[in-house]
Amino acid sequence: MMMISCTSKDKLLVLSWGRTPRLDSDVRVSIHDLSENVRWAEVGPLSDKGPQVLTVHLSSDNQRFFDFDNKLNSLLKDCRCLESLEMKVRREKRSINGFKIPGNSYTLPKTLKILKLDMRVLLGTPTFGPTLTHISLVLDIITDIIVFTIVNSCRLLVELELIDTPTSSTWSDGLSNVGVQAPGACRHLTNLSLIRNQQYISTGFSTCDIGMFLLSLGCKGLESVVLDGFSAISNAGFTSVLTACLNLKKFEIRNSWGLGDLTIKDVSKVHTSLVEVKLVSCNSITSKGVRDLVTSCTSLEVLDLFGCKRVTDFCIRKVSCLTLLTSLNLGGTEIRDDGMAILGQGNAPISCLSLRGCKWVTDNGIKLLLGSKGKIVKTLSSLDLGHMRITDNAITVIADDCAELIELCIRNCLLVTNKAMKALAKRGRLQHEFILLRKLDICNCPRICLESVKYLKKPYFRGLQWIGIGQTHSILVADTVLPQICRERPWLTICKDGCEVGCRDGCNEMCYASRNLLQATSTPQPQIPAIPNLPQIPSIPNMPQPQMPTIPNIPQPQIPTIPTLPNMPKLSLPPLPSMPTIPNLPTTIPQIPFFAPPPSKK
């Protein structure tokens, strides 16, 4: 496998070290600029067929998009054996009004099998060839028309992923019950993802339980189902999919109030071979439903319960008994320190753990998690502690105990200071058996001061490959100190845009990459000729200074003394007359005879 990056300038696509592999083999080509012509080099007997995998990035701010569609079309014609095409667009480019690329003028190669496009910047719809087996599209809104167009053109479709991000709730032609059943015509379909990004609006799809019934009848061979934004679906609709798709390995539902413990109970009756279950922001799920799930599906490897606010410590003991579980997400749940102690003593070989937003987990919970004798302390490689109330003590425990940790996220941890950075920077210097930390996210940690930048220099963080410093004090030296650090460590990427770990929510080209700094500073600067010495200017003789006459002392006037007053005679006042004595008043109350009332006459 090989990745070749091309930056146009009408240059031949050749390798810098002189070796010329066959481009008809599994070669990946990534192009970041189409402002100039790009042509393939004659590097092999079949090199004129072009690469098999092509990725086009639209990420450069100073890029010229004049005649973009014609240049990309001519480029695709040269790729005669292209099997995979992906077009990535930078987020800032999508937000510019009027930035559109004609999409209906592309002639896709007949050999294309995988297509990934961001159609929000395309005018029209490209022609989908019959050889396509994997399609992933990002749209403004998913409609019935686009679904029927794909299904009618691609009968060999195996994987279909449609993602939309509507900006207004006034759309009236969205996905309905008619469109959601259309993928049933693709008999080879195994992976289906229908996702609505509710970033701007909270309105989901208008599909109801009937649409799920029709989908389950036509897509019984599904192995992976991802549904996001289907807020009108109830337990009956989700149960119909689970009972019909007997080969299901992955079941992911997001942002659904209708999914509850009844659906989970039906899962335990039908499916025992589920490998990946993600129930994100499904607030009707409780700890009892999770216990039923993990009791029957003992082969789970991935369990995601992020945002399930009714999940507590009651189900953690059952979860910790899953012997194949490698990824667990408990973010946003009501887990407490007691649950961390139970999880730390379990037998689950968890390598990826997320506790983001767990407001009840403290430093003591992290100590109980990693201080026990369970498997997690030996297998944990990725840990997410973002948006938590932890301090430097928890980070110190992580740095001392997690020998396999390579990825750590502590973004929005407001109590973490430079002491935590120092502990992480020195991690592994004395413990040679520790694996070096590769990715670190400290975005929006206000107490990590500017002094922590020194830990990014040698010899600290020897294996660090990515670090996120968005909204921290380190941004203040982004133009002075960070370029020097990147020149010392060309493999390090410093992200200041607030991306998630590894820039998973955007392109790596958006970040403060060290390779760009090296390219910008590699050009030698011209030397400025020395200025010849000028002749010495003759010194000016000193001029005599005029003598000023001295001013005589002025006599000070004598102030007359004030005579003292004679002593005044002392006056004595006569004594005051004594006050007359007041006689003593009686203090006892005289006894008054008691008169009983006369007897009543009946």
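Below is a table of values for the structure above.
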{"quantity": "From G357, G371, residue being surrounded by fewer than 19 Cβ atoms within 10 Å (Cβ to Cβ) and within 18 Å of the chain's Cα centre (by Cα)", "calculated": "G357"}
{"quantity": "Yes/no for N347 being closer than 27 Å to N393 by Cα and surrounded by fewer than 17 Cβ atoms within 10 Å (Cβ to Cβ)", "calculated": "yes"}
{"quantity": "Test: residue in the stretch 247-266 that is modelled with pLDDT under 95, hydroxyl-bearing (S, T, Y) and part of a loop (DSSP other than H, G, I, E, B)", "calculated": "yes"}
{"quantity": "Selection from the stretch 367-381 of residues that are over 15 Å from N329 (Cα atoms) and assigned to a helix (DSSP H, G or I)", "calculated": "K367, L368, L370, G371, V377, K378, T379"}
{"quantity": "Search result, residues across the stretch 184-232 that are among the aliphatic types (A, V, I, L, M), assigned to a loop (DSSP other than H, G, I, E, B) and under 12 Å from E159 (Cα atoms)", "calculated": "L189, L222"}
{"quantity": "Condition broken by L324, with the remaining ones in (1) of a type outside the set (S, T, N, Q); (2) open to solvent by 10 Å² or more (accessible area, probe 1.4 Å); (3) part of a strand (DSSP E or B) satisfied", "calculated": "(3)"}
{"quantity": "Qualifying positions in the stretch 164-177 - out of contact with any Lys or Arg (no Cβ under 8 Å at 6 or more places or on another chain) and either open to solvent by less than 10 Å² (accessible area, probe 1.4 Å) or of a type in the set (V, I, T) (or both)", "calculated": "T167, T170, L175"}
{"quantity": "Among the candidates K110, K116, residue that is among the basic types (K, R) and surrounded by 14 or more Cβ atoms within 10 Å (Cβ to Cβ)", "calculated": "K116"}
{"quantity": "Filter result (within 20 Å of R254 (Cβ to Cβ) and either out of contact with any strand residue (DSSP E or B) (no Cβ under 7 Å at 6 or more places or on another chain) or crowded, with 23+ Cβ neighbours inside 10 Å (or both)) within the stretch 178-189", "calculated": "G179, V180"}
{"quantity": "Cross-chain or 6+ apart pairs with Cβ under 6 Å, the stretch 205-229 first and more than 14 Å from L259 (Cα to Cα), then open to solvent by 10 Å² or more (accessible area, probe 1.4 Å) and part of a strand (DSSP E or B)", "calculated": "S224/N191; S224/K250"}
{"quantity": "The stretch 380-414, subset in contact with a helix residue (DSSP H, G or I) (Cβ under 7 Å, 6 or more places away or on another chain) and among the polar types (S, T, N, Q), residue most open to solvent (accessible area, probe 1.4 Å)", "calculated": "N393"}
{"quantity": "Test: residue in the stretch 136-151 that is in contact with a Lys or Arg (Cβ under 9 Å, 6 or more places away or on another chain), part of a strand (DSSP E or B), closer than 19 Å to K250 by Cα and among the β-branched types (V, I, T)", "calculated": "no"}
{"quantity": "Conditions (1) open to solvent by 40 Å² or more (accessible area, probe 1.4 Å); (2) in contact (Cβ under 8 Å) with a residue 40 or more places away in the chain: number failed by F148", "calculated": "(2)"}
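The values are calculated or read from the model by the stated rules, or taken from the named source; none is laboratory data. Predicted model only: the values in this text are computed from it and were never measured. No Cβ is skipped: glycine too gets one built from the backbone with ideal geometry, and neighbour counts run over all protein chains shown. Keep in mind that these areas ignore ligands, DNA and RNA; they rest on the heavy atoms of the full protein, side chains included. Shrake-Rupley method; radii C 1.70, N 1.55, O 1.52, S 1.80 Å.
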